[in-house]
Amino acid sequence: MKEPMSVDRGERIVVVSDLHIGAGEIDDFRPELECHLVAFLLDHLGADPQPLELVINGDCFDFVTAAPWDDPQLESRSAERVPLCFTQEQSCAKLKRIVEAHGRAFDALARFLATGAHRLTILPGNHDADLFWPHVRRDLLAALQERSAAVERVKFVLERAYVIEREGVRHWIEHGHQHDPANSFFVGRKERWSEAAPPILKDAMGHSRLLECPGTLGLVRYINGWRRKYPSIGYIKPNSRILMALASHRGFKEPGRPLLVAWQLAQLLGWDVDWHTALSEESDIHRSCQALLSEMVDNLGEDEEAAFNRFLAEHGVKLHSTLKTSLEMPANCSRILNGVAASLGGPPSGQAMQVDDDSLGLALGSLKDVENQALIAMARRLVQAGKAHHVITGHTHAPVTALDGRFINGGCWVPNHEVDSVGAAKRVIFRHGSVPYCLSYVDVPVGAAPRCETFAQGMVQV
């Protein structure tokens with residue numbers, strides 16, 4: 001990554017992230033949350049007579065879930081078979097629906113900018129990579145300008161991080177998705193998340209489109225559709241609990257379930273899986289899983305294969321031939337996947353997985369929050385290298401303060417149910433009901449260390 005954008009600021013900074021302002025039937029930005037945002041912008045921030053800078057640190061908008069999301073024309077591939085999604089025209093159409101659905105929020109943003117000399121800085125996240133399109137930024141500014149906003153005080157940071165310096169103290173602000181393999185934007189090992197190297201490629205027909213990370217691909221291909229029936233899917237943290245709950249619930253027979261089980265198997269055994277290939281298989285999901293399992297089994301040593309056979313036998317799957325031979329029969333492939341599903345959500349089998357410095361991992365059966373650990377490790381490296389004094393992120397939706405206050409995750413502005421078990425996740429998903437929200441932000445006052453604050457909390461019905 002090149003040196004991030006760095007500015008010298010003397011005013012108060014307020015950082016929010018993960019508002020997920022969308023449009024359509026699976027819009028997470030509920031009316032009560034929009035009312036809170038209006039009050040936050042106008043009554044809370046707007047009441048400050050001194051100029052301040054509001055930084056929206058990624059996922060302000062949710063283009064991935066905004067209608068339309070189930071049109072086959074929304075996806076394509078490059079000549080090298082790299083998955084791609086929205087064109088600039090499609091992203092602009094989604095933004096138009098978002099603006100129409102949430103006029104009050106845009107009115108409040110405009111009034112905030114019209115008050116005093118407040119600034120607005122926007123970083124894109126994995127759900128609004130569409131902000132890399134010039135016409136999307138143009139249309140967003142036009143929507144604010146129509147409402148008499150001082151758009152000359154709006155800035156887009158099209159880099160991974162935004163660094164603010166104040167009297168020699170560096171505040172590193174980054175959404176955080178680039179440290180999450182499922183939601184990062186790379187082509188090969190080259191990062192595509194900057195103004196010089198945007199997450200945009202040409203498809204095989206020569207049309208420019210956004211890169212489609214595995215997370216986006218999974219949403220567009222499967223999860224968005226599942227949310228029609230199970231609205232709570234999007235509100236559970238850690239994300240691993242969602243996948244485990246769906247994979248292990250006997251009543252969940254939706255297309256794509258075998259892939260969830262295969263994903264859990266890979267996580268359990270520490271296998272590296274090309275999820276772009278697995279998720280984008282458009283023919284036979286079971287055949288895709290069969291190929292996936294065969295590839296993984298090829299990488300097992302004798303002791304590992306014996307351990308895995310014991311694991312399967314413990315869950316009712318006894319094989320009468322080698323794993324490799326068994327997987328040549330689709331029926332055995334299904335038996336193996338069902339055996340893995342039977343193990344999920346119960347007591348952990350063996351040690352929990354570890355989290356390395358560069359990826360978000362899964363601790364099977366553990367109550368420990370592992371989805372922030374990669375971000376904390378990133379912050380530790382930055383602080384130790386002298387590149388930052390404070391690191392502020394979002395992405396995981398969980399407000400966290402660590403490293404003696406040097407790392408802060410500012411949480412989110414959508415319903416967020418932090419469940420402590422797979423059983424709890426199943427109750428939320430399959431029984432519905434109410435889900436809590438806690439709307440938080442990071443305040444970076446002049447002359448003091450950043451701190452995470454709660455603006456509002458409550459419950460919403462789903």
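Since every read-out is calculated from the coordinates, none of them should be taken as a lab result. Predicted model only: the values in this text are computed from it and were never measured. Counting neighbours? That spans all protein chains shown, and the Cβs are built from the backbone with ideal geometry, glycine included.
Starting at the first residue of the range 30-43, write each ³J(HN,Hα) from the Karplus equation 6.51 cos²θ - 1.76 cosθ + 1.60 with θ = phi - 60°, in whole Hz, x for Gly and Pro.
5, x, 5, 6, 4, 4, 5, 5, 4, 5, 4, 6, 8, 8
Rounded to the nearest 0.05, what FRET efficiency do residue 432 and residue 145 give with R0 = 60 Å and r taken as the Cβ-Cβ distance? Could you check?
0.90
Given N residues in the range 176-243, what is its alpha carbon radius of gyration divided by 2.2 N^0.38 Å?
In units of the globular-protein estimate, the range 176-243 measures up at 1.32.
How do 179, 135, 20 line up, fewest other C-beta atoms within 10 Å first?
Going from sparsest to densest Cβ surroundings: 135, 179, 20.
By DSSP, what percent of the beta bridges with both residues in the chain are antiparallel, rounded to the nearest 5?
Approximately 55 percent, going by the DSSP bridge assignments.
How large is ³J(HN,Hα), in whole Hz, for each residue of the range 80-88 in order, when computed from phi with the Karplus curve 6.51 cos²θ - 1.76 cosθ + 1.60 and θ = phi - 60°, using x for Gly and Pro?
Each residue of the range 80-88 in turn: 8, 6, 6, x, 10, 10, 6, 7, 4 Hz.
Cα convex hull of the range 52-101: mean projected area in nm², to one decimal?
Over all viewing directions, the range 52-101 projects a mean Cα-hull area of 5.0 nm².
Which of the GluC sites (Glu not before Pro) found in the range 150-217 are loop residues per DSSP with 11 or fewer other Cβ atoms within 10 Å of their Cβ?
167
Scan the range 296-335 for GluC sites (Glu not before Pro) in coil per DSSP, keeping those whose Cβ has at most 13 other Cβ atoms within 10 Å, and list them by number.
Counting only loop positions with at most 13 other Cβ atoms within 10 Å, the GluC sites (Glu not before Pro) in the range 296-335 are 328.
Residue 318: which lysines have alpha carbons under 30 Å from its alpha carbon, excluding same-chain residues fewer than 8 sequence positions away?
Cα-Cα hits under 30 Å: 253, 426.
With each label point set 7 Å from Cα along the Cα-Cβ vector, what nm distance links residue 73 and residue 104?
It is 3.3 nm.
Expected output is a single nm value to one decimal: the length gained when fully extending between residue 421 and residue 250, i.e. 0.36 nm times separation in residues minus the C-alpha distance. What is it?
Gain in length upon complete extension: 59.8 nm.
So for 329, 244, 378, fewest C-beta neighbours within 10 Å to most, what's the order?
329, 378, 244
Which FRET efficiency value, to the nearest 0.05, is calculated for residue 451 and residue 322 with the Förster distance at 56 angstrom and r the Cβ-Cβ distance?
The formula returns an efficiency of 0.45 here.
Which residues' amide hydrogens lie under 5 Å from the amide hydrogen of residue 236, considering only partners 5 or more residues apart or on another chain, with H built in the peptide plane?
417
Fewest Cβ neighbours within 10 Å first, please rank 420, 180, 404 accordingly.
Starting with the residue having the fewest Cβ neighbours, the order is 404, 420, 180.
Helix 257-269 sits at what angle to the longest principal axis of the chain, using alpha carbons and giving 0 to 90 degrees rounded to 10?
With rounding to tens, the tilt is 90 degrees.
Which whole number of Å³ per residue matches the convex hull of the alpha-carbon atoms in the chain?
139 Å³
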